[in-house]
Structures are given as structure tokens and as C-alpha cells.
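Colleague: My questions all concern the structure below.
The values are calculated or read from the model by the stated rules, or taken from the named source; none is laboratory data. These numbers were taken from a predicted model, which means no experiment stands behind them. Virtual Cβ from ideal backbone geometry, glycine too; neighbours counted across all protein chains shown. When the accessible area is computed, the model is the full protein with side chains, heavy atoms only, and any ligands, DNA or RNA have been set aside. Shrake-Rupley method; radii C 1.70, N 1.55, O 1.52, S 1.80 Å.
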Amino acid sequence: MRTRIPDNSLAVVRNLGILAHVDAGKTTVTERMLYLAGATYKRGEVHDGTTVTDFDPQERDRGITIFAAAVSCVWDGHRVNLIDTPGHVDFSDEVERSLRVLDGAIAVFDAVAGVEPQSESVWRRADRYGVPRIAFVNKLDRPGADLDTAVESIRRRLHKAPLVVQLPIGREDGFAGVVDLVRMRSLVWAGGVCSAGPVPEDLLAEARRRRRLLEESVAELHAGAMQEFCVRPSISDETLAGALRDLTRSGAGLVVLCGSAYRDRGIEPLLDAVVAYLPSPLDVPPVRGGDGAERAADPREPLAALAFKVNATATGRLTYVRVYSGTMRKGDTVLVTVQDTGAGRAERVSRILRVQADRHTEVDLAVAGDIVAVVGLKSARPGTTLCAPGAVLVLEPPATAEPVVSVAVEARRSTDADRLASGLARLAEQDPSLTVRTDAETGQTLLSGMGELHLEVAVEKLRRDHELDVAVGRPQVARRETVARGVSGLLYRHVKQDGGAGQFAHVVLDVEPLDGDGFEFASTVVGGRVPREYVRAVAAGCRDALADGPLGGHPVTGLRVTLTDGATHAKDSSDLAFRTAGRLALREALRACAMELLEPVVEVTVTVPDDAAGGVLGDLAARRGRVSGSTARAGTVVITAVVPLAEVFGYATRLRSRTQGRGTFTTKPAGYAPAR
């Protein structure tokens, strides 16, 4: 199916990601797609460490995807650009940045487990960016695999209208192929070869029943299909395929396919579905800048591209970009801009590379719809915009998660201190979800990230890539402070006179708890006692005061501040004076409030054998966990609990010892809760 296509034909380009929970088979699906499309000539295996996209030594050692990897292939005259994303919750920021630049996605589900915690998490992220998806229920060859059960979990937890377009032929180890319900034919795999034929007689009645259910479901959602459904005994194959395409791109329906990637079954129709149902760059709305300006996906428009990943390699600094409009040529000067400031810096594009995981091919230009790597940009960071100097456009960057776990790091040799600082700065530059700061009290360097594994990977990169001998402290969680009981009418006068113009500001604040996280500011001042520009200054000062709370210097969240009164001076009042007054007033108010310490909590899903469930429940209770659910499933028990993040450190070892290595668990962030 590999054919040559024009490099600049946008209608035949598909930019998509592979999304799933860890171990659902994302990387194996990607490997089989590359192999069948002719982009590779040998099937890579995760357990052998031979996959194309898991090329980092840590990924091969751990057997999981850690870093999003871009690859491409050609299928049926279409160029398919793929990003294989991580499935582990600690690397969800990699998924976030990838989703920001994708036009579509394949969501992979385990046919035994169905929708798992991280599946749900990445699904919600894709919802936020409006990314059209199709679903692939993988591992149908496993004992206990059931397509209908997996689809029901999708319907219940993710999408109200899953549209199943295939019927499995055989169950579990006897899974041999699928019935294509759109074209009413069978696809059977033997010896790695797919053969099409008529529907088997023993499945014909069931296939017709399911085809009818598919037609009814599509007609309920699609006006054109409904019109044909009302005047004809059935919907034609062409109308059904067109309706599935429209429903996928609008998000009203979810096409569901099935197979077993490990056994090379179901991948060809999955690639066909990518081409048939997921959008090209021409099918998505024009990209919109912060000022409301739009750019269409047209090579003749001014350049607009978004950097979503930065990677420092031995051969130079690579900036991965998605080109939304215009054309970028080798040697061009582009403006690198940041949304927060709008400031730009002109830089020259030294080289443009077509990416195939860790291999690169140099090209002369990149056009709208391309995902490429650029060499030569020193100031680009994930989330920065590349645009034409004469047509400035600043794109919205992907959201960056706030770190929740920190470790102290230091070089064992004092002579390596500067190299450690340089290595940490490079890590934070490549991964915005990693932050580096110096503790004001202890003087220690703290590396903060999304979880224990996230920090382990970062420290190992320091050791391997920078050849540093690093000492690491025990992980510490990022606590928060909140208002349990507020105060009213706190008056604060800021008066400063030390020669020249003085400072005068008089504010009265009410502070009260706020449902949920965040900070709200309001003003009820009447009569112009505090001018509007000074109200904004008071709000800015209050935000400054949230950086460190009275209990332990932790950030403060979950409060509402209301400016109720104030006074000004004709000469000495200024923005600076009222900002200072707002900061100092809120600090004084927080000391008068009843404050509460918060700690990050996670939802833990533990799967254990029946005979080990009691001990695991007791252990979760000892870790201050609150069990929220328990479900029996084929000889195992799935336990869901909310547990303080600090209590999860080292839990993997404890769980293995309690279940003789048969228990597994996953986590996902669940916000903050009062520390008990």
C-alpha cells in the first residue's frame, strides 16, 4: 500500500497521535502501522527493545513510552504523521503538548480492561483541544477479551455514541479476523497476510443484526443518513461511510475498530479508517492567534508554526514544530514569540529535518500541515510561536501542569556543581513540567516534577547524558494552604515618606473560603473612593501574597478576596503604593484567618487476585486511603481509592510483596485534600 505522494498536497496529510493507558499497546500499534506501510522492514517489539519510537535507553530498559516520538509513513496515497505518546500519568505533559498540534487521534483500549484511568485522562485532554478520534480495541486475543464489554465501558465513561464498525471472528486465542460491517465482508489474517472474503455463514445473521444497529445509530446522529434511512430499506455503504466521516470529524460519533496488534490483526483496516475518517489539515478550522487573527492551512499564507517539543542532542538543539500556515525554508529568518509577553526575537532556520523517531532526513522546506524539526533556534521553547517577521501572530501554547513532587539534588563532587546547574537548566528547558529552584531556607537545589517516576527519569538523564554523579533526597510533595475560616473588614494603611514623593494607600479587605482551587478578586467600592486602576493594582498585590502562606510558606489557593473600601491621597497614591498595600494587607489577613494545610492526593486503581484483596485494603487504609469502589472481575478485584501522594512512594514494592508479584496499580491526579 505504499505509494508516492506530492509533498505539498494537504488533502492527503493526516496528523494524528496514538493515545492510551500504559500497556494498552500504543507502541505496538504504531510499530505495525509503520511496518505494514513499508516505513520499516522489520517488526519491532517492546519486550525486545527494538521498537522505532521507544528509542531512548530508558524506554527500552523500562518497557514503556516516556517521550513522545514523531514518525511518518505513506498509506494508500496519504502521508500519515504519527506521534506515539506516553501512557504513564507522570508523563501526561508530553501528551498535552502533542495533542495541541494534532488534527486527529487513535485511542487504543485493552479488550480485557476497557477504559482505564489514564485512558480517561488523555480522553479529557483531547476533548479540551477538540481533537477528533477513532477507537481501536486491542488485544482481542487475550483470555477474557470481550469487545462488547470494552465498548460498553467507552459508552459509560467516555462517549455516549460509540459506533462499532467491526465484528470479531473467533474469541480469545481463536481470534482470526473481523467482519467489516460497513462493506459487509470478512477480513481474515493468516501468516501475516490479510484476505478479504464473504461473511462466514455462522456469523451472517449476527453481522446483519449489528449492521442494522449501526445504521440506526448513525441515522439518529446524521441528517443525510436519516433521510436515506427513511426512504430506503437500508443505508448504502457510501452514505454510511460518509456519515461516519462527518460524525468523527464533528465529534458526535466515535468509530470503534478492533484487533490484535501483537498478532498483526486489524491494522490494515485501522489505517484505512485513519485515511477515511480523520481530518486533513484542510478540514480543521483556521488557526487563531491571541488577537483573534486567523490563518488558513495554506502554503501561500504568512508563516505560523507552534513549537511543541525541544530536544538537545549530541548534534545540536532540535525544536519540533507544527506548521499551521505558510512555508518555512532553510535559511529563512523567523520571529520566535511568546504568548505571555508578545515579545519576539528574530532567528535564522539553519536546517529543517523530516523526523522518523531518532532518525532525521534533511529537507529544504516545510509547508502548512507539516510536523518537522528545526535546527538553529536558540530561544524557542515548548509553546512558543514561529511566525513571519512582517506578519506577527502569537498562538496559544499548550497548558503546562503544575509539579507536585520535589527531590533535592546535588553533585557528589563539588567540581561538578556548575555542570549540574547547566544540566538541570537543560532538562527544564526541554520539559516545562520540570522546574528547578533553590530552597530559601536550606539552600538545596530542588527538582520538581509530576511524579516519582518522572523525577527518576530526569535524574537518570543527568547521569547518562551529562555523566554526572548525583545524590538525590527523598521525594517531597508540594503542599498548599487554604482558608478554612475568613475575616471581614481588615483595614490596612500603607504610608511611606522618605523624601520626595511618598506612598499612600488605604484598603479594607474581606477574605473568605472559595469552593475548589484558585483565587478570585472582587471590588465593591463605590463612589470612586478607590479608582479603577488602583483596584487592579490591589488585585495584583493580592496575587503576589499568594506565593507563600503563613503555615509553612506554601502557595495559597481556594480563597476569595473582596476590596470593600479604601482611600487615596492626591499626591502620594500610585499603582505601586496600592499594589504594596494589597500584598501586605492580604498577608496580614491570612495570619488572622483560620488556615488549613492541603496535600496532593491521587486516585489509585489497584488490580489484585481475590485472595489478596483483604490485605491490600488494609494496607490502603494504613496509608490514609479512602476506598471509593471495589469491583470483582474474572478472579481479580479492582479497588479504587483516593490516597495522599506522599503515601504512594514505594507502593509498587509493597504491593508486589503482598500479592506475590501478581498485583498492579495505576494512579491519576485527584487534586488536593486537607492533610490529616
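Colleague: Which of the numbered conditions does Leu158 fail, given that it passes all the others? Conditions: (1) of a type in the set (A, V, I, L, M, F, W, C); (2) over 24 Å from Ala252 (Cβ atoms); (3) surrounded by fewer than 24 Cβ atoms within 10 Å (Cβ to Cβ).
Modeller: Checking Leu158 against (1) of a type in the set (A, V, I, L, M, F, W, C); (2) over 24 Å from Ala252 (Cβ atoms); (3) surrounded by fewer than 24 Cβ atoms within 10 Å (Cβ to Cβ), the one that fails is (2).
Colleague: State yes or no: is Asp237 within 30 Å of the chain's Cα centre (by Cα) and either at pLDDT 90 or above or among the β-branched types (Val, Ile, Thr) (or both)? Steps first, please.
Modeller: Details: within 30 Å of the chain's Cα centre (by Cα): no; either at pLDDT 90 or above or among the β-branched types (Val, Ile, Thr) (or both): yes.
Spelling it out, it is not the case that Asp237 is within 30 Å of the chain's Cα centre (by Cα) and either at pLDDT 90 or above or among the β-branched types (Val, Ile, Thr) (or both).
Colleague: Consider Ala570 carefully, then state whether it is outside any helix (DSSP H, G or I), without any contact (Cβ under 8 Å) to a residue 24 or more places away in the chain and surrounded by fewer than 20 Cβ atoms within 10 Å (Cβ to Cβ). I'd like the intermediate steps shown before the answer.
Modeller: Numbers: outside any helix (DSSP H, G or I): yes; without any contact (Cβ under 8 Å) to a residue 24 or more places away in the chain: yes; surrounded by fewer than 20 Cβ atoms within 10 Å (Cβ to Cβ): yes.
Yes.
Colleague: Separate question: So, of the residues in region 189-236 that are touching a Ser or Thr at 6+ places or on another chain (Cβ under 7 Å) and open to solvent by less than 50 Å² (accessible area, probe 1.4 Å), which turns out to be nearest to Ile267 (Cα to Cα)?
Modeller: In this case the residue turns out to be Gly197.
Colleague: For residues in region 297-307 being in a loop (DSSP other than H, G, I, E, B) and open to solvent by less than 40 Å² (accessible area, probe 1.4 Å), which is nearest to Val374 (Cα to Cα)? First the steps, then the outcome.
Modeller: First, pick out the residues of region 297-307 that are in a loop (DSSP other than H, G, I, E, B): 297-303.
Now narrow it down to the ones that are open to solvent by less than 40 Å² (accessible area, probe 1.4 Å): 297-298, 303.
Working: Ala297: 20, Asp298: 20, Leu303: 14 Å.
Filtering first and then ranking leaves Leu303.
Colleague: Could I ask something else about it? Counting just the residues of region 71-119 that are part of a loop (DSSP other than H, G, I, E, B), among the charged types (D, E, K, R) and over 16 Å from Ile267 (Cα atoms), which one comes out most open to solvent (accessible area, probe 1.4 Å)?
Modeller: So the residue we want is Glu116.
Colleague: Let me ask something additional. Could you check region 596-623 and list, in sequence order, the residues that are farther than 25 Å from His21 by Cα and crowded, with 19+ Cβ neighbours inside 10 Å?
Modeller: Within region 596-623, Leu598, Glu599 qualify.
Colleague: Sort out which residues of region 256-281 are outside any strand (DSSP E or B) and open to solvent by 10 Å² or more (accessible area, probe 1.4 Å), and write them in order of number.
Modeller: Within region 256-281, the first condition is being outside any strand (DSSP E or B), and the residues that meet it are 259, 261-264, 266-281.
Listed by number, the residues that qualify are Tyr262, Arg263, Asp264, Glu268, Pro269, Asp272, Val275, Ala276, Tyr277.
Colleague: Related question: Pick from Asp517, Asp565, Asp510: which is open to solvent by 70 Å² or more (accessible area, probe 1.4 Å), in contact (Cβ under 8 Å) with a residue 24 or more places away in the chain and on the phi < 0 side of the Ramachandran plot? Step through it out loud before you land on a result.
Modeller: Values: Asp565 fails: open to solvent by 70 Å² or more (accessible area, probe 1.4 Å); Asp510 fails: open to solvent by 70 Å² or more (accessible area, probe 1.4 Å).
Exactly one residue qualifies, and that residue is Asp517.
Colleague: Another question, if that's okay. Open to solvent by less than 60 Å² (accessible area, probe 1.4 Å) and touching a residue at least 60 places away in the same chain (Cβ under 8 Å): which single residue out of Thr239, Thr248 fits that description?
Modeller: Details: Thr239 fails: touching a residue at least 60 places away in the same chain (Cβ under 8 Å).
Of the residues listed, the single one that is open to solvent by less than 60 Å² (accessible area, probe 1.4 Å) and touching a residue at least 60 places away in the same chain (Cβ under 8 Å) is Thr248.
Colleague: Which of the residues belonging to region 165-181 are out of contact with any helix residue (DSSP H, G or I) (no Cβ under 6 Å at 6 or more places or on another chain) and either buried (at least 21 other Cβ atoms within 10 Å of the Cβ) or not basic (Lys, Arg) (or both)? Even if it seems obvious, please write down each step before you answer.
Modeller: Initial filter on region 165-181 (out of contact with any helix residue (DSSP H, G or I) (no Cβ under 6 Å at 6 or more places or on another chain)): 165-166, 169-178, 180.
Within region 165-181, Val165, Gln166, Ile169, Gly170, Glu172, Asp173, Gly174, Phe175, Ala176, Gly177, Val178, Asp180 meet the criteria.
Colleague: Name the residue that is nearest to Met33 (Cα to Cα), counting only residues in region 120-141 that are touching an Asp or Glu at 6+ places or on another chain (Cβ under 7 Å) and outside any strand (DSSP E or B). Before the answer, list the steps.
Modeller: Within region 120-141, the first condition is being touching an Asp or Glu at 6+ places or on another chain (Cβ under 7 Å), and the residues that meet it are 125, 138-139, 141.
Keeping just the survivors that are outside any strand (DSSP E or B) gives 125, 139, 141.
Numbers: Arg125: 24, Lys139: 16, Asp141: 18 Å.
The selected residue is Lys139.
Colleague: Restricting to region 168-216, name every residue that is among the charged types (D, E, K, R) and within 18 Å of Val151 (Cβ to Cβ). It would help to see each step written out before you state the result.
Modeller: So the first thing to find is which residues in region 168-216 are among the charged types (D, E, K, R), and the list is 171-173, 180, 183, 185, 201-202, 206, 208-212, 215-216.
Selection gives Arg171, Glu172, Asp180, Glu206, Arg209, Arg210, Arg211, Arg212, Glu215, Glu216.
Colleague: Something else now. Give region 624-643 a look and list any residue that's surrounded by 19 or more Cβ atoms within 10 Å (Cβ to Cβ) and touching a Gly at 6+ places or on another chain (Cβ under 8 Å), or say none.
Modeller: Ile639, Ala641, Val643, listed by residue number.
Colleague: I've got another one for you. Just to be sure, is Asp364 open to solvent by 50 Å² or more (accessible area, probe 1.4 Å), modelled with pLDDT of 85 or more and closer than 28 Å to Pro285 by Cα? Please lay out each step first, then the result.
Modeller: Values: open to solvent by 50 Å² or more (accessible area, probe 1.4 Å): yes; modelled with pLDDT of 85 or more: yes; closer than 28 Å to Pro285 by Cα: yes.
So Asp364 fits the description; yes.
Per-residue answers, yes or no, for (1) over 23 Å from Glu301 (Cβ atoms); (2) touching a strand residue (DSSP E or B) at 6+ places or on another chain (Cβ under 8 Å); (3) at pLDDT 90 or above; (4) not in a strand (DSSP E or B):
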{"position": "Met328", "(1), (2), (3), (4)": "no, yes, yes, no"}
{"position": "Leu335", "(1), (2), (3), (4)": "no, yes, yes, no"}
{"position": "Gln339", "(1), (2), (3), (4)": "no, yes, no, yes"}
{"position": "Gly342", "(1), (2), (3), (4)": "no, no, no, yes"}
{"position": "Arg345", "(1), (2), (3), (4)": "no, yes, no, no"}
{"position": "Ile352", "(1), (2), (3), (4)": "no, yes, yes, no"}
{"position": "Val355", "(1), (2), (3), (4)": "yes, yes, no, no"}
{"position": "His360", "(1), (2), (3), (4)": "yes, yes, no, no"}
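Colleague: Please give the strands (runs of 3 or more DSSP E) falling wholly within region 362-448 in which 1 or more residues are more than 23 Å from the chain's Cα centre (by Cα) and either aliphatic (A, V, I, L, M) or under 30 Å from Arg79 (Cα atoms) (or both).
Modeller: Working: elements: 365-367, 371-375, 385-387, 405-411, 435-438.
The strands (runs of 3 or more DSSP E) meeting that bar are 365-367, 371-375, 385-387, 405-411.
Colleague: To continue, here is another question. Based on this model, can you work out whether Ala380 counts as under 27 Å from Ala69 (Cβ atoms) and surrounded by 20 or more Cβ atoms within 10 Å (Cβ to Cβ)?
Modeller: On the way: under 27 Å from Ala69 (Cβ atoms): yes; surrounded by 20 or more Cβ atoms within 10 Å (Cβ to Cβ): yes.
When the stated conditions are applied, Ala380 passes them.
Yes or no, residue by residue, for (1) farther than 27 Å from Arg317 by Cβ; (2) touching a His at 6+ places or on another chain (Cβ under 7 Å); (3) open to solvent by less than 50 Å² (accessible area, probe 1.4 Å); (4) at pLDDT 85 or above:
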position	(1), (2), (3), (4)
Leu420	no, no, yes, yes
Ala425	no, no, no, yes
Leu434	no, no, yes, yes
Thr442	yes, no, no, no
Ser448	no, no, yes, yes
Val459	no, no, yes, yes
Leu462	no, no, yes, yes
Asp465	no, no, no, no
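Colleague: It is to be established whether one or more residues within region 14-34 are within 27 Å of Gly326 (Cβ to Cβ), modelled with pLDDT of 80 or more, among the charged types (D, E, K, R) and open to solvent by 10 Å² or more (accessible area, probe 1.4 Å). Show your work before the answer.
Modeller: From region 14-34, those within 27 Å of Gly326 (Cβ to Cβ) are 14-17; that's our starting set.
Then keep just the ones that are modelled with pLDDT of 80 or more; that gives 14-17.
Those left that are additionally among the charged types (D, E, K, R): 14.
From what is left, the residues that are open to solvent by 10 Å² or more (accessible area, probe 1.4 Å) are 14.
There is at least one residue in region 14-34 that is within 27 Å of Gly326 (Cβ to Cβ), modelled with pLDDT of 80 or more, among the charged types (D, E, K, R) and open to solvent by 10 Å² or more (accessible area, probe 1.4 Å).
Colleague: Then there is this: From the set of residues in region 465-496 that are assigned to a loop (DSSP other than H, G, I, E, B) and within 30 Å of Ser414 (Cβ to Cβ), which is nearest to the chain's Cα centre (by Cα)?
Modeller: The first filter runs over region 465-496 and keeps only residues assigned to a loop (DSSP other than H, G, I, E, B), leaving 466-469, 473-475, 478-479, 486.
Subsequent filtering for residues that are within 30 Å of Ser414 (Cβ to Cβ) retains 466-469, 473-475, 478.
Details: His466: 28, Glu467: 30, Leu468: 30, Asp469: 32, Gly473: 28, Arg474: 27, Pro475: 23, Ala478: 21 Å.
Of everything passing the filter in region 465-496, Ala478 is nearest to the chain's Cα centre (by Cα).
Colleague: Go through region 406-416 and count every residue that is closer than 15 Å to Gly443 by Cβ, surrounded by 12 or more Cβ atoms within 10 Å (Cβ to Cβ) and of a type outside the set (D, E, K, R). Lay out the reasoning, then the answer.
Modeller: If we filter region 406-416 for residues that are closer than 15 Å to Gly443 by Cβ, which is where we start, we get 406, 408-411, 414.
Next, from what is left, pick out any that are surrounded by 12 or more Cβ atoms within 10 Å (Cβ to Cβ): 406, 408-411.
Now drop any that are not of a type outside the set (D, E, K, R), which leaves 406, 408-409, 411.
So the count comes out to 4.
Colleague: All but one of (1) among the polar types (S, T, N, Q); (2) modelled with pLDDT under 85; (3) under 29 Å from Gly104 (Cβ atoms) hold for Thr385, so report the exception by its number.
Modeller: Among (1) among the polar types (S, T, N, Q); (2) modelled with pLDDT under 85; (3) under 29 Å from Gly104 (Cβ atoms), Thr385 violates only (2).
Quick grid of which residues meet (1) over 25 Å from Leu282 (Cβ atoms); (2) more than 17 Å from the chain's Cα centre (by Cα):
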site: Asp76; (1), (2): no, yes
site: Val80; (1), (2): no, yes
site: Glu94; (1), (2): yes, no
site: Gln118; (1), (2): yes, no
site: Leu167; (1), (2): yes, yes
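Colleague: Identify all residues within region 149-176 that are on the phi > 0 side of the Ramachandran plot and not in a loop (DSSP other than H, G, I, E, B); write none if there are none. First the steps, then the outcome.
Modeller: Looking only at region 149-176, we keep the residues that are on the phi > 0 side of the Ramachandran plot, and these are 170, 172.
Within region 149-176, Glu172 is the sole residue that qualifies.
Colleague: Of the residues that sit in region 657-676 and are outside any strand (DSSP E or B) and touching a Ser or Thr at 6+ places or on another chain (Cβ under 9 Å), which one is modelled with the lowest pLDDT?
Modeller: So, considering only residues that are outside any strand (DSSP E or B) and touching a Ser or Thr at 6+ places or on another chain (Cβ under 9 Å), the one modelled with the lowest pLDDT is Arg662.
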